[in-house]
Amino acid sequence: MSDDTAVNAAAAVADDVIEDQGPGHEMRYGAIVADSNGDVILHASVDDYLGAITAAHADGFDQLIDLTAVDYLTYAGKRALPEGVDAGRYELVTALINHHRRERIRIRVQLDGDEPTIPTAFDLYPGAEYLEREVYDMFGIVFADHPDMSRVLMPEDWVGHPLRKDYAVGSIPVQFKAASNQR
């Protein structure tokens, strides 16, 4: 099979997983499809997240290229979310790539609560291990069934999650060896 034939076959599979749910409600991998400046964005619920990334993986999205989060606690602007998706305090953003079709997708999931929890992507994408630990460390989002849900940037005994908008900003005086107090 030539490369062009393989790419066309993969594109046909991708077309099969896109379901038309009426006006403005196109679905792909069980998630609502949206567009952001030409990029495909999938809005999955916490319950549908693992199913969406599993289906994307089966459809050829074989590399997780990024996984991060955003805390919208103090955000006053209007968020670009499709109808039917309720804004949460946190948003988990997972970026996947399909090298054969040269296609990227982002899966965005809204999370709420003091201890937000979502399933791990580690079993499908082992490279998610460190990225999920970083999101846990900085935002406090727990990844259920993660093999090592421990801090990776902050000391183990650190209290709090520094990238949360309600995290108190402290001040640590910086001292330079050669600095003089005289002016």
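The values are calculated or read from the model by the stated rules, or taken from the named source; none is laboratory data. The structure presented is a predicted model; accordingly, all values stated were derived computationally and were not measured. Note that we place each Cβ from the backbone using ideal geometry, even for glycine, and neighbour counts take in every protein chain shown.
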* Asked: Which of the residues spanning the stretch 66-87 are free of Cβ contacts under 8 Å to residues at least 40 places away in the same chain and within 21 Å of residue 129 (Cα to Cα)?
  -> 70
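With respect to residue 90, determine if the residue is out of contact with any helix residue (DSSP H, G or I) (no Cβ under 7 Å at 6 or more places or on another chain), among the aromatic types (Phe, Trp, Tyr) and either buried (at least 18 other Cβ atoms within 10 Å of the Cβ) or in contact (Cβ under 8 Å) with a residue 12 or more places away in the chain (or both).
Working: out of contact with any helix residue (DSSP H, G or I) (no Cβ under 7 Å at 6 or more places or on another chain): no; among the aromatic types (Phe, Trp, Tyr): yes; either buried (at least 18 other Cβ atoms within 10 Å of the Cβ) or in contact (Cβ under 8 Å) with a residue 12 or more places away in the chain (or both): yes.
No: the conditions fail for residue 90.
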* Tally of residues being within 18 Å of residue 141 (Cβ to Cβ) and outside any loop (DSSP other than H, G, I, E, B) across the stretch 66-100 -> 12
* Structure fact -> A careful count of residues in the stretch 120-163 that are surrounded by fewer than 16 Cβ atoms within 10 Å (Cβ to Cβ) and within 13 Å of residue 64 (Cβ to Cβ) gives 4
* Matching residues, the stretch 32-50, being over 14 Å from the mean Cα position of the chain (by Cα) and among the small types (Gly, Ala, Ser) -> 34, 36, 38
* Could you run through the stretch 43-65 and say how many residues are in a strand (DSSP E or B) and either at pLDDT below 95 or more than 14 Å from residue 128 (Cα to Cα) (or both)? => 2
* Give me the pairs, please: first residue somewhere in the stretch 104-125 and at positive phi, second residue anywhere and assigned to a strand (DSSP E or B), beta-carbon distance under 8 Å, and either six or more positions apart or on two chains. => none
* Within the stretch 84-126, tally of residues that are closer than 23 Å to residue 163 by Cβ, in contact with an Asp or Glu (Cβ under 8 Å, 6 or more places away or on another chain) and β-branched (Val, Ile, Thr) -> 4
* Structure fact -> Of 13, 33, the only residue that is assigned to a helix (DSSP H, G or I) and either modelled with pLDDT under 95 or crowded, with 16+ Cβ neighbours inside 10 Å (or both) is 13
* Asked: Is there a residue being more than 27 Å from residue 150 (Cβ to Cβ) and either of a type in the set (Val, Ile, Thr) or surrounded by 18 or more Cβ atoms within 10 Å (Cβ to Cβ) (or both) anywhere in the stretch 67-78?
  -> yes
* Asked: Is it the case that residue 40 is touching a Ser or Thr at 6+ places or on another chain (Cβ under 6 Å) and either assigned to a strand (DSSP E or B) or without any contact (Cβ under 8 Å) to a residue 60 or more places away in the chain (or both)?
  -> no
